[in-house]
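Values in this text are rule-based calculations from the coordinates and carry no lab data. Since this is a predicted model, take the numbers as computed values, not measurements. Because the Cβ atoms are built from the backbone with ideal geometry, glycine has one as well, and the counts that use them run over all protein chains shown.
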Amino acid sequence: MEWWTAVILGIIEGLTEFLPISSTGHLIVTGHLLGFTGELATSFEISIQLGAILSVLFYYRHRLLNVLLNFPKKRESRLLIIHLACGFLPAAAIGLATHSYITTYLFSPITVGIALIAGGFAILLIEKTRRNFRVHDINELSIRDAFLIGCAQCLALFPGTSRAGATIMGGLLVGLDRKTATEFSFLLALPTMIAATVYQLLKGQALLLSENLIYLGIGMAVAFFTALAVITTFLKYVTTNTFIPFAYYRIIFGACVLYLFW
C-alpha cells in the first residue's frame, strides 16, 4: 500500500458509509481504479469501517453513555438495547455463515454495479409509495419493527446494496419517518460494523497488523473525521428532504461502473 491510497479510501469510506449509496461498493470500485485489489484490499476495505463507526460513537456519546448508566432502571434504555440486539442478530447469523463466500465471489465491480442500480430503483419505489409514518421517535419502536429492519439489513451483505440504504428503507417500510429511520440506522451500525470489523481484523491480522498497520491507522483516522461531518449534515438533510436524489445517483453511478468494468 501507499499512504495516499489509505487517504483516498478513508475519504471514500467516510463520505459513503452512512449514506444509502454503499460504502463497500465505492471502496471496491475505487480500489480497482487504483489497482488496489486482492486479499489485502478486501481486508482493508472492511476493517477501515472502524474509523466511521467510531464517529457514530463520538456523535452519540452522551446518549449512549446515558443508556448504559440507566440500563437497569430506565425502560427506554433497556428497550433501545433490546431493539439494537433484535436488529443485529439476523445479519450477524447470515453474515457469519456467508462471509467467506461473499468476500471471495461477490467483491467485484460488476456485482456492485448491478446492486447499485437495483437499489436505486428500490429507493424510488419506496419513496413513491410510502406516505404515512407512525413512528416519529426511536423510543416508539416495537421489537417487531427492529427485527424487520434487521432482516432488511441482511440485504446489505451483497456488496453494493448499502447497509445504510437497506436499514433506512426497511425503516420506512415498517412505518418510521425518515429522520427516525436514519438515526436507528446509525445506531444499528454500531454492533453490526464493530462485529464485522473485529472479525475481519482477526481474520486478516497477518496482512493488516504487520507492515500495513500504519496505513490502516491513516485510513481509519481520515474515515472518522469525514464520516463525522457527513452524519451531522445528513441528519439535517433528511428532516426536510427525500432520498430520491440518492436513488438517481445510484442508478447513474451503477451504470457507469458496469460500462467501465463489464
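Checked against the criterion of being assigned to a loop (DSSP other than H, G, I, E, B) and surrounded by fewer than 13 Cβ atoms within 10 Å (Cβ to Cβ), the stretch 120-127 has no qualifying residue. Here is a list of conditions, (1) under 13 Å from the mean Cα position of the chain (by Cα); (2) under 14 Å from Thr197 (Cβ atoms), and Gly14 meets all of them except one; can you say which number that is? Answer for Gly14: the failing condition is (2).
Of all residues in the stretch 138-147, at least one satisfies being in contact with a Leu (Cβ under 8 Å, 6 or more places away or on another chain) and acidic (Asp, Glu).
Residues that are in contact with a Lys or Arg (Cβ under 9 Å, 6 or more places away or on another chain) and among the β-branched types (Val, Ile, Thr) within the stretch 209-239 comprise Val238, Thr239, listed in sequence order. List every residue pair whose Cβ atoms sit under 6 Å apart, with the two residues 6 or more apart in sequence or on different chains, where the first one lies in the stretch 50-70 and is closer than 15 Å to Thr232 by Cβ and the second, anywhere, is outside any helix (DSSP H, G or I). Pairs found: Ala52/Glu17. Could you look through the stretch 55-89, keep only residues that are in a helix (DSSP H, G or I) and aromatic (Phe, Trp, Tyr), and pick out the one that is surrounded by the fewest Cβ atoms within 10 Å (Cβ to Cβ)? The extreme case among them is Phe58.
A quick yes/no check of all residues on (1) without any contact (Cβ under 8 Å) to a residue 40 or more places away in the chain; (2) charged (D, E, K, R); (3) within 19 Å of Gly25 (Cβ to Cβ):
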{"site": "Ala91", "(1), (2), (3)": "no, no, yes"}
{"site": "Ala97", "(1), (2), (3)": "yes, no, no"}
{"site": "Ala122", "(1), (2), (3)": "no, no, yes"}
{"site": "Ala146", "(1), (2), (3)": "no, no, no"}
{"site": "Cys151", "(1), (2), (3)": "no, no, no"}
{"site": "Leu155", "(1), (2), (3)": "yes, no, yes"}
{"site": "Leu172", "(1), (2), (3)": "no, no, no"}
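Only one of the numbered conditions (1) β-branched (Val, Ile, Thr); (2) within 30 Å of Ser77 (Cα to Cα); (3) without any contact (Cβ under 8 Å) to a residue 24 or more places away in the chain is violated by Ile168, and that is (3).
One residue alone among Gly51, Gly31 is closer than 19 Å to Phe225 by Cα, among the small types (Gly, Ala, Ser) and within 19 Å of the chain's Cα centre (by Cα), and that residue is Gly51. On the stretch given as the stretch 1-53, residues that are of a type in the set (A, V, I, L, M) and assigned to a loop (DSSP other than H, G, I, E, B) total 4.
Among residues of the stretch 224-251 being without any contact (Cβ under 8 Å) to a residue 24 or more places away in the chain and of a type outside the set (S, T, N, Q), the one that is farthest from Ile110 (Cα to Cα) is Lys236. From the residues in the stretch 222-248 that are over 17 Å from the mean Cα position of the chain (by Cα) and not basic (Lys, Arg), which one is nearest to Leu33 (Cα to Cα)? Among residues in the stretch 222-248 that are over 17 Å from the mean Cα position of the chain (by Cα) and not basic (Lys, Arg), the one nearest to Leu33 (Cα to Cα) is Tyr248.
Being touching a residue at least 40 places away in the same chain (Cβ under 8 Å) and crowded, with 23+ Cβ neighbours inside 10 Å is the filter here, so list the residues in the stretch 27-41 that pass it. Ile28, Val29 - these are the residues of the stretch 27-41 that are touching a residue at least 40 places away in the same chain (Cβ under 8 Å) and crowded, with 23+ Cβ neighbours inside 10 Å.
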